[in-house]
Structure formats: C-alpha cells, structure tokens
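To start, the structure under review is shown below, and the notes come after it.
The values are calculated or read from the model by the stated rules, or taken from the named source; none is laboratory data. Treat the numbers as computed from the prediction; the structure is a model and nothing was measured. Cβ atoms come from the backbone with ideal geometry, glycine included; neighbour counts cover every protein chain shown. Side chains are part of the model used for accessible areas, which takes the heavy atoms of the whole protein and leaves out ligands, DNA and RNA. Shrake-Rupley method; radii C 1.70, N 1.55, O 1.52, S 1.80 Å.
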Amino acid sequence: MTSGLPAGARAVVVTASNRAAAGVYADRSGQALAEGLQALGFAVEGPHVRPDDVEALVTVLREAVESGADVVLTTGGTGLSPTDVTPEATRQVLEREAPGIAEAVRRYGEPQVPTSVLSRGLAGTAGRTLVVNLPGSPGGVRDALAVLGPLLPHVVSQLRGGDH
C-alpha cells in the first residue's frame, strides 16, 4: 500500500469498449486497473464496462463523481479510431484540466511503446474527484499506474482540502 493515502480512499474504474460491453471478450484492462488500485490501498468500485458512446460514458462518469469517489480512472477509447470517444465524454465532466498528468502517462510509455503518444487521454478534476483517461490495454494500465501511484496520495489529500 502506498503510504500517505488518506483513509477511506475510493476509486471507480470505467472501461470504454464496444467489444467488452458486448461480451465479445473479457475486460482485461479494467480488471488490471481495479487490481492495481486495490494494491495502492483504494476501495475500488467497478470496472463499469460501457460501449464507446459519449452519452453512456458521460452518465457513468458523472455518477462516479457524484458518488464522492476520490479518483475515477477510465481505460480504453483514447486513441485515434473513429469510435474512440472517451476524451470527448470526459471533457464534458471535467471542471479543471490537469494536462501534466496525461502528458506524464504518455511520456512514461513512449520508450517501450512509441505509439503511446497517440493517446488523447485527458486528466483533471470534477468537484473533489480526479478523473484520468488511461489506455485500453493491460500494459498501458500498468504504465499509467506507475506514474499515478506516487501522485495519488497527494492528489487525494489536496482534493479533500489538505495542505500542500
């Protein structure tokens, strides 16, 4: 468990995937994300698997924020495919963007996976919740958690009103 994570920290995982939503294949990236967050000390809800549909994603993201989750992490739907709409949905929910987080996630994976820079994932806050879009692969999720793990205790504390 990461030291310094505030007590009762809650995370919600959302997977954006037409095929996983239709049952064509298992949601491996959402499961990897939920397990990674649990290892960091979060109580985790989800993954909530939704199709690549802006309205469906906006709805589940708003519900997660309204539930009082400290962190909402999505996996999938951040690429350049015409069906990839997670950033568009996320932009409708965010109040303040935190582009440095999304850039750090892209940069971390770039040496091993040059196409990681094609991710259009966003990061930011809605109320007292951090929302971050992650790639739709277990490897991309692991890389993103390597970046986010050290940041999340501080972010959760700040969003709950803690000092710098």
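What the table shows:
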read-out: Residue list for the range 1-33, restricted to those being open to solvent by less than 40 Å² (accessible area, probe 1.4 Å), within 22 Å of V54 (Cα to Cα) and outside any loop (DSSP other than H, G, I, E, B); value: A11, V12, V13, V14, T15, A16, A20, S29, G30, L33
read-out: Failed item in (1) closer than 22 Å to N18 by Cα; (2) not in a helix (DSSP H, G or I), with T115 passing the rest; value: (2)
read-out: Verdict on A102 being surrounded by 14 or more Cβ atoms within 10 Å (Cβ to Cβ), farther than 23 Å from L159 by Cβ and modelled with pLDDT of 95 or more; value: no
read-out: Test: L145 is outside any loop (DSSP other than H, G, I, E, B) and either open to solvent by 40 Å² or more (accessible area, probe 1.4 Å) or touching an Asp or Glu at 6+ places or on another chain (Cβ under 7 Å) (or both); value: no
read-out: Matching residues in the range 76-99 - criterion: being part of a helix (DSSP H, G or I) and either modelled with pLDDT under 95 or within 10 Å of G121 (Cβ to Cβ) (or both); value: T86, P87, T90
read-out: Filter result (under 10 Å from the mean Cα position of the chain (by Cα) and within 12 Å of L61 (Cα to Cα)) within the range 119-145; value: L130, V131, V132, N133
read-out: Residue that is farthest from A43 (Cα to Cα), among those in the range 114-143 that are among the small types (G, A, S) and free of Cβ contacts under 8 Å to residues at least 40 places away in the same chain; value: S116
read-out: Boolean, E110 is modelled with pLDDT under 95 and surrounded by fewer than 20 Cβ atoms within 10 Å (Cβ to Cβ); value: yes
read-out: Pick from the range 22-49, criterion touching a residue at least 40 places away in the same chain (Cβ under 8 Å) and aliphatic (A, V, I, L, M), ranking: farthest from G140 (Cα to Cα); value: L40
read-out: Some residue of the range 55-75 being open to solvent by 70 Å² or more (accessible area, probe 1.4 Å) and assigned to a loop (DSSP other than H, G, I, E, B); value: no
read-out: Test: residue in the range 149-164 that is surrounded by 19 or more Cβ atoms within 10 Å (Cβ to Cβ) and free of Cβ contacts under 8 Å to residues at least 40 places away in the same chain; value: no
read-out: Evaluation of G124 against (1) open to solvent by 10 Å² or more (accessible area, probe 1.4 Å); (2) assigned to a strand (DSSP E or B) (one fails), failing number; value: (1)
read-out: Filter pass, R96 being more than 24 Å from L152 (Cα to Cα), over 13 Å from the mean Cα position of the chain (by Cα) and not hydroxyl-bearing (S, T, Y); value: no
